[in-house]
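The values are calculated or read from the model by the stated rules, or taken from the named source; none is laboratory data. Here the structure is a predicted model, which is why all the values come from computation and not from measurement. Cβ coordinates were reconstructed from backbone atoms using ideal geometry, including for glycine residues, and neighbour counts include every protein chain displayed.
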């Protein structure tokens, strides 16, 4: 029998009716002769509510404790879904991340999956049970719960699918698939029927929230096809897989990420080891740095270094940088958290000269100032003022005729 | 350093202020130079709320799933208390039942503790941490969560105290200690400063809700002194320990349990194996039977068998008995769930002739009909109509001058 892995996000489980509807879907797929492994997120806003709860007791909740607290959200979802399935005469069992054999490294709040021992899952599948797994969590070598960070349930689903050699990993969410741009910003945007891993990766990395970039990476590595579809409609979604020749020649989408903050360090002496002195302390605090821009030093060996972090890391990152200003002999640091990143993505850019200049021209014609530019093989990203970001997406979507 | 085990019940953790107050107490005890292991229940009515939640998805929630769901209540408490302690600069760590090494048998909803491996607890104590353990739960050999039943956190505390060879196990609750009778029924009742295990066991078994009988049994076996005290006042509580000579000569208290239902099987043929045929199926469904009364057969080898169960098992027990009526050739079965059990307890009864007759006379003078009488070494219990139970306790408290 084929193993199908499904993942249902928090909004798909928010109401009792949704849980019952989804249980019906799962039961139907089971009766069609599949083995089913289902990964669930915490219901609705549970995770945010638990974070708020923790902050009632501590300004900076201990990360290990917070992880254990947050993990209960997914456990609750998993047991409720299984109770519903059993009440419909489906054999089913819930597993926590620990019971599902998910081993992680020790980084609380943003742990990485080290390995999955699928023994227990396979044992339950053999008993013809539907296995429902609490997403977002695993245990480290101390047997402590560690969570995988936001979007972690997508990652759980992809990793479990890979470990089981599943046919497909189906991610059910509150959007209908992957679009050329966020439909709430660009109403004319269209849904893609399929997309390659690389392009999906860039889309996800640039703020398209349908799929966590770490999931896409993992799926690509194990060549696991992913279906992204809505749990609210019966519409077909978007397949993410190996890209076909035809797909490679197009620009696939435009994203917009408003969760961006920039820190600029002014007047840094240009000497070896300076980058390490700046970014090492950030890494030690597990702060991911996105775009880094360093201008060439012209006079006096003094440079400026700018980088972006996600907005929720902004305060901590700024504090860290302020504390090292002196030790690196820099003049000052500035921060700006009212920014947006607009990215245009597609393998087609590799062989379409003039893409970058078309982007810059479009933004100029729309009177939008570009603060930082960064490019990768298949992506061009522009950091702009937050309140101009949506307008930039709309203009570019039109200019590239998506 | 001395190890002190403390347990805080749900009402003691219900409000944020209570949690912070208790964290202050714990921090103070730690600073006095003790090693502290704290067991917590779920906050306030959390367990009942989770049971209600489960029933929104299933009329008879699967017991394994329900156990996993319920266990999250204690986990939440433990993490919040630890976050609070850490924010007060106390080193602390929360452990789930599994992490604390609590192994149980497989009976979901009323599991028994098989063993405790305190390795992790000791490791954390060595790091000078306060260890906060989620009560009420352990894992069975399948690595599934199983809960210990109502009052299970008391049991966790006593078992952990025994496993660690602690100095004392302190149970903090919403009552001020052990009383001669429930103060809400008998305002004149007085608090006992100390009480023996045996008497406490009978008090607990007969419905005094301050301490779970399984905890008392366990404490007696390991000779672990218990302090029962209020988490709302600074009053000294009641010490439960080895009884002293002086204590042994008294009647210690009167209890009242309104959680009683009776089932009577009428016209049962009196033949060997009949008791087993009746009680085996109940045991298989994990239903505890309390008092059993079988009258002597006089004519035709036909007997009546009555027994009591707790009210929440009444429906299931009645169903089971109805299903075996035919196979044991009995005539019929009757049920009555509007009953109360009044018990008078004290090792003093052993050497005080006339105790029983004084009880029966007091109830007779107060026009209270006794439905079933049962006696043990240090207890006399009478099953009466529920609406007469409180009056019975008041009358007996007065008659015995407690």
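In the stretch A:82-98, the qualifying residues are those that are touching a residue at least 12 places away in the same chain (Cβ under 8 Å) and within 8 Å of chain B (Cβ to nearest Cβ), and the one that is surrounded by the fewest Cβ atoms within 10 Å (Cβ to Cβ) is A:98. For residues in the stretch A:54-67 being part of a helix (DSSP H, G or I) and farther than 18 Å from residue A:10 by Cα, which is nearest to the other protein chains (Cβ to nearest Cβ)? By that ranking, first place goes to A:65.
Return the residue satisfying two criteria in turn: it lies in the stretch A:303-322 and is touching a residue at least 12 places away in the same chain (Cβ under 8 Å) and surrounded by fewer than 16 Cβ atoms within 10 Å (Cβ to Cβ), and of such residues it is farthest from residue A:385 (Cα to Cα).
Per the criteria, the residue is A:316.
When the test is whether a residue is under 22 Å from residue A:167 (Cβ atoms) and within 13 Å of chain B (Cβ to nearest Cβ), residue A:101 passes it.
The set of residues from the stretch B:55-81 being surrounded by fewer than 21 Cβ atoms within 10 Å (Cβ to Cβ) and without any contact (Cβ under 8 Å) to a residue 40 or more places away in the chain comprises B:55, B:56, B:58, B:59, B:60. Residue B:173 fulfils the conditions (1) touching a helix residue (DSSP H, G or I) at 6+ places or on another chain (Cβ under 8 Å); (2) under 26 Å from residue A:64 (Cα atoms) except for a single criterion, (2).
Residues of the stretch A:12-39 that are in contact with a helix residue (DSSP H, G or I) (Cβ under 8 Å, 6 or more places away or on another chain) and in a helix (DSSP H, G or I): A:12, A:13, A:18, A:19, A:20, A:22, A:23, A:26, A:27.
Looking only at the stretch A:39-53, count every residue that is away from every other protein chain (no Cβ under 14 Å) and in contact with a strand residue (DSSP E or B) (Cβ under 8 Å, 6 or more places away or on another chain) and tell me the total.
Applying the first criterion (away from every other protein chain (no Cβ under 14 Å)) to the stretch A:39-53 yields A:39, A:41, A:45, A:48.
Cutting the leftovers down to in contact with a strand residue (DSSP E or B) (Cβ under 8 Å, 6 or more places away or on another chain) gives us A:39, A:41.
Residues meeting the conditions: 2.
I'd like the full set of residues that are modelled with pLDDT under 95 and out of contact with any strand residue (DSSP E or B) (no Cβ under 7 Å at 6 or more places or on another chain), limited to the stretch A:108-142. Within the stretch A:108-142, A:110, A:141, A:142 qualify.
Those residues that are in contact with a helix residue (DSSP H, G or I) (Cβ under 9 Å, 6 or more places away or on another chain) and surrounded by 16 or more Cβ atoms within 10 Å (Cβ to Cβ), I need them from the stretch A:389-402; list them, please.
A:392, A:395, A:396, A:399, A:400, A:402
Residue check: residue B:128 meets all listed conditions (1) more than 13 Å from chain A (Cβ to nearest Cβ); (2) under 25 Å from residue B:11 (Cα atoms); (3) not in a strand (DSSP E or B) but one, namely (2).
Among strands (runs of 3 or more DSSP E) entirely within the stretch B:229-347, having at least 1 residues that are at pLDDT 80 or above and closer than 26 Å to residue B:190 by Cα singles out B:238-241, B:253-269, B:332-345.
Selection over the stretch B:310-329 of residues that are touching a strand residue (DSSP E or B) at 6+ places or on another chain (Cβ under 7 Å) and more than 20 Å from residue B:274 (Cα to Cα) gives a count of 3. For residue A:109, state whether it is under 19 Å from the mean Cα position of the chain (by Cα), in contact (Cβ under 8 Å) with a residue 40 or more places away in the chain, crowded, with 24+ Cβ neighbours inside 10 Å and closer than 19 Å to residue A:69 by Cβ. No; evaluated as a whole, the condition is false for this residue.
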